[in-house]
Amino acid sequence: MTPEILRSLVVDATPDGPLEQRLEAALQIANEHKGSLVAVCPAWPTGMSFADALVRGPLQSMAREEEMRQAIATSRATFDRLTQGSSVTTDWCDSIADPAVVLREHGLLADLI
């Protein structure tokens, strides 16, 4: 019996770039190694620091937040479509936060990112 090397895989589901290809590759790896897959979807405006977010006006902040929530919803729909019927145990985590911070936090417990 071969020991399981990969139990937990975290994939970056940030709503940008080739999301579908990243998710497909992660699902394939998790399936081949009989591991679980956690999709982490942090959304944050490109080029905006946390300090910039705090000083923006409420209407502009609300509009940006709605844009990010829509991007997360689109990513989630892609994830749900790709994982439907999969034998891989999956989990979805989303937030409006800096992707580097969120992925680092989730990656601490993963076998592979």
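Coordinate-derived values only; no laboratory data. Not measured: the values here are computed from a predicted model. Quick reminder, even Gly has a Cβ in these numbers, built from the backbone with ideal geometry, and neighbours come from all protein chains shown.
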Worksheet item: Between CYS93 and ARG76, what length in nm is gained on full extension when 0.36 nm per residue of separation is reduced by their alpha carbon distance?
Response: 5.2 nm
Worksheet item: If you stretched the chain out fully between GLN84 and ILE29, how much longer would it get, using 0.36 nm times the residue separation minus the C-alpha to C-alpha distance?
Response: 18.2 nm
Worksheet entry | Sites GLN21 and ALA63, calculated FRET efficiency, Cβ-Cβ separation with R0 22 Å, nearest 0.05 | 0.15
